[in-house]
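Step one of this worksheet: look at the structure below.
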Amino acid sequence: MPLTGERSRPDPQKSLVGFVVGDVHYAIDITRVREIVNPLEVTTLPHTPPEVAGVANHRGEVVPVIELRVRFGLPPVDPTRSTKWILVDVGTHTVGLVVDAVTEVFGTSGDYRPTPPVGGSSDLRGITGVTTHDERMIFVLDVGRFIELALALAASGALLEAP
């Protein structure tokens, strides 16, 4: 019989990397995260979606950089010491997600709840579900939603090897 107040152990297969964009807490499945880095120099590209800041050279690989603030309809801000890039694997490419701050790595012990219908398409936002951690609501992103952007940039020739 479990002790009163004993918590269930988080499932290590559901470990998440938490981060903040604006005032909202989000997370990504840790198995999709390649690395967390400080912002690098970005080369802007013409005719890209507004959320694509451009591309960056990360260790010889051209990485598209996505501004999550813009993707989520927030005004852009200048980077601070807390600003990070979460490099995630999407298909055969890596994409950099610009976040205001990385918070922590944590596990979940249950399934995600569906995103409530609040007038916008959760499909467009790329939110796969909602969980809680430390009594805080966390929106879990579906990294697969960024595959379309990576494929479009690859098809345009923007993701060739860096010099």
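The values are calculated or read from the model by the stated rules, or taken from the named source; none is laboratory data. Values in this document were obtained by computation on a predicted structure and should not be read as measured data. No Cβ is skipped: glycine too gets one built from the backbone with ideal geometry, and neighbour counts run over all protein chains shown.
Values for this structure:
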| item | result |
| --- | --- |
| Cβ-Cβ under 7 Å pairs, at least 6 apart or on other chains, segment 80-100 side in contact (Cβ under 8 Å) with a residue 12 or more places away in the chain and surrounded by fewer than 20 Cβ atoms within 10 Å (Cβ to Cβ), far side assigned to a loop (DSSP other than H, G, I, E, B) and of a type in the set (D, E, K, R) | 82/100; 83/100 |
| Residues (closer than 18 Å to residue 44 by Cα and assigned to a loop (DSSP other than H, G, I, E, B)) located in segment 65-74 | none |
| Of the criteria (1) farther than 16 Å from residue 142 by Cα; (2) at pLDDT below 90, which one residue 15 fails | (1) |
| Test result for residue 139, of a type in the set (Phe, Trp, Tyr), closer than 15 Å to residue 27 by Cα, modelled with pLDDT of 90 or more and under 13 Å from the mean Cα position of the chain (by Cα) | yes |
| Matching residues, segment 62-78, being exposed (fewer than 15 other Cβ atoms within 10 Å of the Cβ) and on the phi < 0 side of the Ramachandran plot | 75, 76, 77, 78 |
| Number of positions in segment 26-40 that are farther than 19 Å from residue 89 by Cβ and at pLDDT below 95 | 0 |
| Unique residue being of a type in the set (Gly, Ala, Ser) and modelled with pLDDT of 85 or more when the list is 119, 91, 144, 107 | 107 |
